[in-house]
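Contents: one structure, followed by commentary.
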Amino acid sequence: MTPTRNRSSSSRYSDPGAAPLQPTHRGPALTITVEADFGPDTEGVLVAHGGQESGYLLYVQDGMLRYEQNWFGEMLRLDPIPVPSGPATVTIRVELPEPGTWLVGLEIDGKRMAQDAFPQFTGLMPFAGIDVDMDRRSPVSWELYTDKGPYPYSGRITKVTYTPGMRTTEALAELIEQAKELGLALE
């Protein structure tokens, strides 16, 4: 159900049997690089993007580096890896091996430590913005938020860099069509 201009009711805007929007492009999607100081007692959120509706976050807890993805309320997790000691570069490398799939790799100083496949976000998801050093607004992980609050990082973050992957002409055209469908759906 989607909101209408009448705030007391809602209506379905599309055929319930219609196929969901699916991405069709492949290749590099995104690289997130975090330069920070790590130690046995450091903990907290390094980066978070999204909120309760969907998103992902990278954080340190109990000596482990953890990546979680909120897939519309279902929490999916990459196997945690031990935090490095001292200054290090942690990279989340996202590839698109096939339509609808993210291959998420977690690297420390250029060495791949863990990877797994996750569902790919499409369109405007995740909706909420990017946070560095804590998850300030609508939390990506409600479970983590109820236990730790916004969970500020206790170490020092030197730099965070988001580098988008190449967009093909076909992918851009598809994104425009998805935006049009979403806009029409919200009329």
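The values are calculated or read from the model by the stated rules, or taken from the named source; none is laboratory data. Quantities reported herein were computed from a predicted structural model and do not represent experimental measurements. Neighbour counts run over all protein chains shown; Cβ positions are idealised from the backbone, glycine included.
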*asked:* Given the criterion farther than 18 Å from Glu43 by Cα and either out of contact with any strand residue (DSSP E or B) (no Cβ under 6 Å at 6 or more places or on another chain) or polar (S, T, N, Q) (or both), identify the matching residue among Lys148, Lys111.
replied: Lys111
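With respect to Asp116, determine if the residue is out of contact with any helix residue (DSSP H, G or I) (no Cβ under 8 Å at 6 or more places or on another chain), assigned to a loop (DSSP other than H, G, I, E, B) and surrounded by fewer than 18 Cβ atoms within 10 Å (Cβ to Cβ).
Considered against the rule, which asks whether it is out of contact with any helix residue (DSSP H, G or I) (no Cβ under 8 Å at 6 or more places or on another chain), assigned to a loop (DSSP other than H, G, I, E, B) and surrounded by fewer than 18 Cβ atoms within 10 Å (Cβ to Cβ), Asp116 comes out as no.
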*Please state which of the following conditions Asp41 fails to meet, knowing it meets all the rest: (1) modelled with pLDDT of 90 or more; (2) under 23 Å from Phe118 (Cβ atoms); (3) not aliphatic (A, V, I, L, M).*
(2)
_Taking the conditions exactly as written (over 16 Å from Thr31 (Cα atoms), assigned to a strand (DSSP E or B) and not aromatic (Phe, Trp, Tyr)), does Leu76 satisfy them or not?_
yes
_Boolean, Glu53 is in a loop (DSSP other than H, G, I, E, B), in contact (Cβ under 8 Å) with a residue 40 or more places away in the chain and closer than 20 Å to Gly129 by Cα_ = yes
*Looking at this structure, is Tyr67 touching a Gly at 6+ places or on another chain (Cβ under 9 Å) and either part of a strand (DSSP E or B) or within 21 Å of Thr163 (Cα to Cα) (or both)?*
no
*Mind listing whichever residues of region 33-50 are charged (D, E, K, R) and not in a strand (DSSP E or B)?*
Asp41, Glu43
*Please name all residue pairs, on different chains or six or more residues apart, with Cβ atoms under 7 Å, provided the first residue is in region 89-110 and is closer than 17 Å to Asn70 by Cβ and the second residue is part of a strand (DSSP E or B) and among the acidic types (Asp, Glu).*
Val104/Asp116
